[in-house]
Amino acid sequence: MPELPEVETIVRELKAALPGRCVLGVRVFRPDALGGVPVAHFRASLRGECFAGVERRGKFLVFRLTSGRFLVGHLRMTGKFALVSRPARPAPHHRVWFELDDGSLLVFQDLRCFGTLALAERLEDYPPLARLGMEPFSRRFTASWLAGALAASRTPLKHWLMDQGRIAGLGNIYAAEILFAAHLSPLRPSAEVTGTEAARLHRAVRRVLRAAIGKNGTTISDFRRVDEKRGEFQDFLRVYGKTGEPCPVCRTPIARIRQQQRSSFYCPTCQR
DNA sequence: AGCGGAACCTGTCGGC
DNA sequence: TGCCGACAGGTTCCGC
């Protein structure tokens, strides 16, 4: 589910509600969400903690706690955070409850159980975060940086864009949409991208992500915002999931291929 | 360096 | 109706 725009949407909504709230209690219904950390330790560490802030790094959610420590979450395919009033019992996919001091509940739920929660003393000590590459909205993400980074690899563009160690936050949907916007084939070896094309790709990355954030992300089947509302960017997708439908620019049927065990969607005419 | 495959786990959908 | 395979927004690890 969640790529950068969906995580950004959730972070913005949590940021509006969570800072200042404190954790009265933690209930863990699915211990494997904790990446091997013993449940007792996780609960004891968080009880009494207060939220100071919520940020996004790549597709990770970073909860800054008043003690100076961090709770770091990754939603993988089907994870969600929701702020709800406390139900009598956990819903089927509820994994962890954080009971807050205003009577509300921060719920981590995850149908497929790929998502993770972790505690970190310092962010740089948490390897999954340390491995991440460039933030697309960082000032250091420039067309010339992109051109140089692309030149260093021959991997196909689609795969290149989804490599979190290069640019952090792009997944299968937005890699496809960005390549369509940039008129570049997902199959193109990254080192063969010219300077002009790299500049086009750079603009497309920011333009597509900004548009998707503006529409609160993409809900294909089960992405939900913090308040259970759906995103709206699915109505603006141009190639993702559109196999056989006419390209919005040239009417060529959108093609679907397999790359790195993932589906890629593109227009064979517009994207070269 | 880069690729294919498998693994983690659950649910849905289409075909027969 | 039922069974079976394919597929799903992600990441990591292993072998070639």
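The values are calculated or read from the model by the stated rules, or taken from the named source; none is laboratory data. On a predicted model such as this, the values are computed, not experimentally measured, just so you know. Glycine gets a Cβ as well: all are built from the backbone with ideal geometry, and neighbour counts include every protein chain shown.
Within region A:131-138, is even one residue closer than 22 Å to A:Glu49 by Cα, buried (at least 19 other Cβ atoms within 10 Å of the Cβ) and either assigned by TED's automatic domain parsing to the domain that holds A:Arg30 or not β-branched (Val, Ile, Thr) (or both)? No, region A:131-138 contains no residue that is closer than 22 Å to A:Glu49 by Cα, buried (at least 19 other Cβ atoms within 10 Å of the Cβ) and either assigned by TED's automatic domain parsing to the domain that holds A:Arg30 or not β-branched (Val, Ile, Thr) (or both). Is it true that A:Val54 is away from DNA strand C (no atom under 15 Å from the Cβ) and closer than 25 Å to A:Gly165 by Cβ? Considered against the rule, which asks whether it is away from DNA strand C (no atom under 15 Å from the Cβ) and closer than 25 Å to A:Gly165 by Cβ, A:Val54 comes out as yes.
Please enumerate the residues belonging to region A:151-178 that are of a type in the set (A, V, I, L, M, F, W, C), within 15 Å of DNA strand B (Cβ to nearest atom) and in contact with a strand residue (DSSP E or B) (Cβ under 9 Å, 6 or more places away or on another chain).
Here is the first cut: in region A:151-178, the ones of a type in the set (A, V, I, L, M, F, W, C) are A:151-152, A:157, A:160-162, A:167-168, A:170, A:173, A:175-176, A:178.
Still in the running and within 15 Å of DNA strand B (Cβ to nearest atom): A:151-152, A:157, A:160-162, A:167, A:175.
Of everything in region A:151-178, those that are of a type in the set (A, V, I, L, M, F, W, C), within 15 Å of DNA strand B (Cβ to nearest atom) and in contact with a strand residue (DSSP E or B) (Cβ under 9 Å, 6 or more places away or on another chain) turn out to be A:Leu157, A:Trp160, A:Leu161, A:Met162, A:Ile167, A:Ala175.
Please go through region A:103-126 and give me each residue that is among the aliphatic types (A, V, I, L, M) and assigned to a loop (DSSP other than H, G, I, E, B), ordered by number. Listed by number, the list holds a single entry, A:Leu111.
Give the number of residues within region A:107-122 that are without any contact (Cβ under 8 Å) to a residue 60 or more places away in the chain and more than 10 Å from DNA strand C (Cβ to nearest atom). Give the derivation first.
Of all residues in region A:107-122, those without any contact (Cβ under 8 Å) to a residue 60 or more places away in the chain come to A:107, A:109, A:112, A:114, A:120-122.
Now restrict to residues that are more than 10 Å from DNA strand C (Cβ to nearest atom): A:107, A:109, A:120-122.
Count: 5.
Whenever a residue of region A:29-45 is in contact (Cβ under 8 Å) with a residue 24 or more places away in the chain and assigned by TED's automatic domain parsing to the domain that holds A:Gly73, its partners that are among the small types (Gly, Ala, Ser) and within 16 Å of DNA strand C (Cβ to nearest atom), lying with C-beta atoms within less than 9 angstrom and at least six residues away or across chains, give the pairs A:Ala33/A:Gly79; A:Ala33/A:Gly115; A:Leu34/A:Ala118; A:Gly35/A:Ala118; A:Val37/A:Ala118. Please state which one of A:Leu61, A:Leu65 is within 14 Å of DNA strand C (Cβ to nearest atom), among the aliphatic types (A, V, I, L, M) and not assigned by TED's automatic domain parsing to the domain that holds A:Arg206. On inspection, the qualifying residue turns out to be A:Leu61.
Output the residue which, of all residues in region A:40-56 that are over 20 Å from A:Val28 (Cβ atoms) and surrounded by fewer than 19 Cβ atoms within 10 Å (Cβ to Cβ), is nearest to the chain's Cα centre (by Cα). Here the residue is A:Glu55.
Criterion applied to A:Arg166, A:Arg154 was being farther than 16 Å from A:Ser263 by Cα, within 13 Å of DNA strand C (Cβ to nearest atom) and of a type in the set (Lys, Arg), and the one residue passing it is A:Arg166. Per the listing A:Leu184, A:Leu201, A:Leu170, the residue uniquely buried (at least 18 other Cβ atoms within 10 Å of the Cβ), part of a loop (DSSP other than H, G, I, E, B) and more than 19 Å from the chain's Cα centre (by Cα) is A:Leu184.
Taking the stated definitions as given, is A:Ile257 within 16 Å of DNA strand C (Cβ to nearest atom), assigned by TED's automatic domain parsing to the domain that holds A:Leu157, in contact (Cβ under 8 Å) with a residue 60 or more places away in the chain and closer than 24 Å to A:Ser153 by Cβ?
On the way: within 16 Å of DNA strand C (Cβ to nearest atom): yes; assigned by TED's automatic domain parsing to the domain that holds A:Leu157: yes; in contact (Cβ under 8 Å) with a residue 60 or more places away in the chain: yes; closer than 24 Å to A:Ser153 by Cβ: yes.
Judged against the criteria, A:Ile257 is a match.
Return yes or no: is A:Phe108 within 16 Å of DNA strand B (Cβ to nearest atom) and of a type in the set (Phe, Trp, Tyr)? Quick ask: steps written out before the conclusion?
On the way: within 16 Å of DNA strand B (Cβ to nearest atom): yes; of a type in the set (Phe, Trp, Tyr): yes.
When the stated conditions are applied, A:Phe108 passes them.
Considering region A:68-102, and only residues there that are under 18 Å from A:Ala16 (Cα atoms), charged (D, E, K, R) and outside any loop (DSSP other than H, G, I, E, B), the residue that is nearest to DNA strand B (Cβ to nearest atom) turns out to be A:Lys80.
Could you list, in sequence order, all residues of region A:8-20 that are crowded, with 19+ Cβ neighbours inside 10 Å and not acidic (Asp, Glu)? Show your work before the answer.
In the first step, residues of region A:8-20 are kept if they are crowded, with 19+ Cβ neighbours inside 10 Å; the result is A:8-11, A:13-14, A:18.
A:Thr9, A:Ile10, A:Val11, A:Leu14, A:Leu18 - these are the residues of region A:8-20 that are crowded, with 19+ Cβ neighbours inside 10 Å and not acidic (Asp, Glu).
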